[in-house]
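The values are calculated or read from the model by the stated rules, or taken from the named source; none is laboratory data. From a predicted model like this one, the values you see are computed outputs, not experimental measurements. So basically every Cβ, Gly included, is an ideal-geometry build from the backbone, and we count neighbours across all protein chains shown. The protein model used for the area step is the full one, side chains on, heavy atoms only, and it has no ligands, DNA or RNA in it. Shrake-Rupley method; radii C 1.70, N 1.55, O 1.52, S 1.80 Å.
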Amino acid sequence: PLLKSLQLSTAGFYDAYKYCGNTIDKFTYNGGLEWRPVKTLLVRGAYGTGFRAPDLHYVFAKEGISHPSGTDYYRCRNEEPNQDIGDCSYAGEGLVKVRLGNAKLRPETSTSLNYGAVWSPVRNFDISVDYFRVQLDNAVLDMSLDSVLRQESDCRLGKTSAGTAVSIASPTCVDALARVVRNPLTSAINPGAIATVTINPINVATEKTSGVDVSAHYRWPTESFGTFNFGLAHTWVQKHISRQYPGDPIENQLANDSGYDIPRSKSSGSVNWT
């Protein structure tokens, strides 16, 4: 407690890991303030940093082969430009996906900021509104097969399906073109078709998201039937952007042609009985 109506909380933590001859360590911290100007209102805010070593299966996984299907976006856009992707002759093509671990993964780090207020006008009921902003650096994710095929198509054609220019010399293009191996055009079987796509966990250079959380809770105690708890929550995402490699343009993951499937709004409700 700093004042009767003001409270501070803070913490610090040190981590160190060793694997594959690498040592990674980080000091992280967080802090928050809560201010209650009146009995029914709480104003709060917090800032924190995070650190996480890669999971073992991301680092040490041996070569694994599977046989999924994927859309050959390059041939669809190049050979059948007036056809919808779903109706293209090269949608759902069989291919070989090769997955490998990545011993060069770096640790994930993050920063987060949130602030908002909780209002409880009557006993057993409260409603809260909070703004959040999170930045994740070096996030470890398995590469998306569909995203790699979209990137390969964009890089070969020099533009996205929406017409945005793409540089074949960008780090993402250099990587995507190396991952997608096609049959030679002189091949007797399926010339030019996708043969293999190599996927592995990677560090996403930067990922940022921000938005607003709104929630309401009501507690209904009874003398004979226990206590009922009702909850409603809604999240609206203002922004969700990422950059796969340093030097790449920033990608809006909420855009229709991004290849990601992230809802801008999400709601949930719950009923509990004790």
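For the stretch 17-44, give me each residue that is of a type in the set (A, V, I, L, M, F, W, C), under 30 Å from Leu2 (Cβ atoms) and open to solvent by 40 Å² or more (accessible area, probe 1.4 Å).
Quick first cut of the stretch 17-44, residues of a type in the set (A, V, I, L, M, F, W, C) only: 20, 24, 27, 33, 35, 38, 41-43.
Imposing the further condition that a residue be under 30 Å from Leu2 (Cβ atoms) reduces the set to 27, 33, 35, 38, 41-43.
Those that are of a type in the set (A, V, I, L, M, F, W, C), under 30 Å from Leu2 (Cβ atoms) and open to solvent by 40 Å² or more (accessible area, probe 1.4 Å): Phe27, Leu33, Trp35, Val38, Leu41, Val43.
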Margin query: Of everything in the stretch 45-65, what is open to solvent by 40 Å² or more (accessible area, probe 1.4 Å) and under 13 Å from Ser110 (Cβ atoms)? Give them in sequence order.
Written below: Tyr47, Arg52
Item checked: Filter result for Ser210 (under 30 Å from Asn22 (Cα atoms), assigned to a strand (DSSP E or B) and out of contact with any Asp or Glu (no Cβ under 8 Å at 6 or more places or on another chain)) -> no
Next item on the list: Search the stretch 1-28 for residues that are part of a strand (DSSP E or B) and pair each with any residue that is of a type in the set (Val, Ile, Thr) and surrounded by 13 or more Cβ atoms within 10 Å (Cβ to Cβ) when their beta-carbon atoms are under 7 Å apart and the residues are at least 6 apart or on different chains.
Entry: Phe13/Thr28; Tyr17/Ile24; Tyr19/Val59; Lys26/Thr109; Thr28/Thr49
Next item on the list: Just one of (1) in contact with a helix residue (DSSP H, G or I) (Cβ under 8 Å, 6 or more places away or on another chain); (2) farther than 30 Å from Arg156 by Cβ; (3) surrounded by 15 or more Cβ atoms within 10 Å (Cβ to Cβ) trips up Arg77, so point out which.
Entry: (2)
Item checked: Failed criterion for Ser242 (all others in (1) open to solvent by less than 70 Å² (accessible area, probe 1.4 Å); (2) more than 30 Å from Lys62 (Cα to Cα) hold) -> (2)
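Out of Ala103, Ala91, I need the residue that is touching a helix residue (DSSP H, G or I) at 6+ places or on another chain (Cβ under 7 Å) and without any contact (Cβ under 8 Å) to a residue 24 or more places away in the chain. Which one? Spell out how you get there, then give the answer.
Numbers: Ala103 fails: without any contact (Cβ under 8 Å) to a residue 24 or more places away in the chain.
Just a single option satisfies the conditions, and that option is Ala91.
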